[in-house]
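The values are calculated or read from the model by the stated rules, or taken from the named source; none is laboratory data. Note that the structure is predicted; figures quoted are calculated from it, not measured. Because the Cβ atoms are built from the backbone with ideal geometry, glycine has one as well, and the counts that use them run over all protein chains shown.
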Amino acid sequence: MGANMARRLKEQNFDVGAVYDVNPAAAQALAQELGGVACAELKEVTRLSDVIITVVTDDAAMKQIYRGGLFSRAKGKLFINCATITPEVHVQLEAKAERAGAQSLEACMASSIPQARQGTLYLMCGGKPEAFERAKPILEKLSASLRYIGTAGKAAQVKALVNMVMNINTAGLAEGLGLGAALGLDLTMLREVFSQTGARSGVLATDGEDMQNREHTCFFSGAHAAKDSGIALKLAKAQGLNLPLANATKKQYDRMVQVGLGELDKSGIAELTFKDRHQA
C-alpha cells in the first residue's frame, strides 16, 4: 500500500524524498524508482521530509516506528498515519506529536492496493481540523473520496466498524457459496441471484468469483481481517456490548491463521467452508 501511494504521489508531482521499509531491499528499489533516498534510520525520514506518511501492520509496529526515532527533531512536521490500529494509539500519537512540536492525522483507508496505485482510496480522517486542512492537498491526490470524521481516534473507530461489517459479510458469503456448492448448485448462477436480491454486498462483487475459483491473491489478508475484527471486539467490550456475529467471524479468521492460510486474501475464508477444501 505504502509503495503504491508513493508512486501515485510522485506521478502527481510531489517530491517523495525519503522512504523506509523493514525490508531494506524493498526501500532501496522504491527509492531508486522514485528518485528519493532509502533511509537506514527512521530519524532520517523525518529529517528529509515535511510530511511523513506511515502504513504499518498493527499497534506494535506503529509504536515501534515512533519509538525508533520518527519523532526525532519533528518540529513543524506533519505525520499522516494510515494503518488500521486501535483508536487509543492514534490518540496517543497525536499527543506525542504535539509534544514534539509536530502535527498528526489519522487517514484510515477503506480500499486496497489497486486503489492506492490509482489514487482512488476512500479515506476517513481523524485529528485536529488544522492538521486535516494541511494534509488535504496530498490526500485529495490519493483518494476518490475524502471524509473528515472528527477528533483523533474517531476515524479509527469508524474504520474498525467498516472492517467488522465487511468481515462478517465475507464470512457469510463464504458460507452461502460453500453450502451452494455442497448442494450441487451452479455457483455462477448463485452469485448472479445474490447480486439481484437482499444477499448482495460489496464483498460479493470483490470476493465472490474469487471464492468460487479459489483465487486468493492477497489484497487484504485473512491475518489482517482477524486483527481488525479484534479491534472492533475490543471497542465493543469497552462499551459492554456482546457482538455474536463479530465474535464468530473473528474465530473463523483465527482458524485461517491457525491452519496456515492467514496470508491468503480474506476471500480465502471460503477454504474453510467448502466441503471439498481445507476444512479443519
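Side notes on the structure shown:
- Residue satisfying condition, being of a type outside the set (S, T, Y), surrounded by fewer than 21 Cβ atoms within 10 Å (Cβ to Cβ), free of Cβ contacts under 8 Å to residues at least 40 places away in the same chain and on the phi > 0 side of the Ramachandran plot, within set G184, G176, G202: G184
- Note on region 186-217: among residues that are in a helix (DSSP H, G or I) and of a type in the set (G, A, S), the one that is farthest from the chain's Cα centre (by Cα) is S195.
- Among the conditions (1) in contact with a Cys (Cβ under 8 Å, 6 or more places away or on another chain); (2) crowded, with 22+ Cβ neighbours inside 10 Å, the only one that A225 does not satisfy is (1).
- Conditions (1) buried (at least 16 other Cβ atoms within 10 Å of the Cβ); (2) in contact with a strand residue (DSSP E or B) (Cβ under 6 Å, 6 or more places away or on another chain); number of the one not met by T120: (1)
- Test: residue in region 239-257 that is hydroxyl-bearing (S, T, Y), at negative phi and either buried (at least 21 other Cβ atoms within 10 Å of the Cβ) or in the same structural domain as D59 (by TED's automatic domain parsing) (or both): yes
- Verdict on K275 being surrounded by fewer than 17 Cβ atoms within 10 Å (Cβ to Cβ) and not in a helix (DSSP H, G or I): yes
- In the condition set (1) of a type in the set (D, E, K, R); (2) modelled with pLDDT of 95 or more; (3) buried (at least 19 other Cβ atoms within 10 Å of the Cβ), E33 is compliant with all but (3).
- Restricted to region 31-100, the set of helices (runs of 4 or more DSSP H) holding at least 3 residues that are under 20 Å from A155 (Cβ atoms) comprises 59-65, 87-99.
- Per-region count, region 124-156, residues assigned to a helix (DSSP H, G or I), in contact with a Pro (Cβ under 8 Å, 6 or more places away or on another chain) and surrounded by fewer than 23 Cβ atoms within 10 Å (Cβ to Cβ): 1
- Pair list, Cβ under 9 Å, 6 or more apart: region 234-251 residue farther than 14 Å from N163 by Cβ and of a type in the set (G, A, S), other residue assigned to a helix (DSSP H, G or I) and at pLDDT 95 or above: A248/I168; A248/A171
- Here G180, G172 are screened, and the one residue that is touching a helix residue (DSSP H, G or I) at 6+ places or on another chain (Cβ under 8 Å) and at pLDDT 95 or above is G180.
- For R214, the stated conditions hold: it is under 24 Å from I113 (Cα atoms), modelled with pLDDT of 95 or more and among the charged types (D, E, K, R).
- Of all residues making up region 1-23, the number that are more than 22 Å from the chain's Cα centre (by Cα) and part of a helix (DSSP H, G or I): 1
- Any hit, region 103-111, residues being touching a strand residue (DSSP E or B) at 6+ places or on another chain (Cβ under 9 Å), polar (S, T, N, Q) and surrounded by fewer than 24 Cβ atoms within 10 Å (Cβ to Cβ): yes
- Every residue from region 7-35 that is without any contact (Cβ under 8 Å) to a residue 40 or more places away in the chain and aliphatic (A, V, I, L, M): V16, A18, V19, V22, A25, A26, A27, A29, L30, A31, L34
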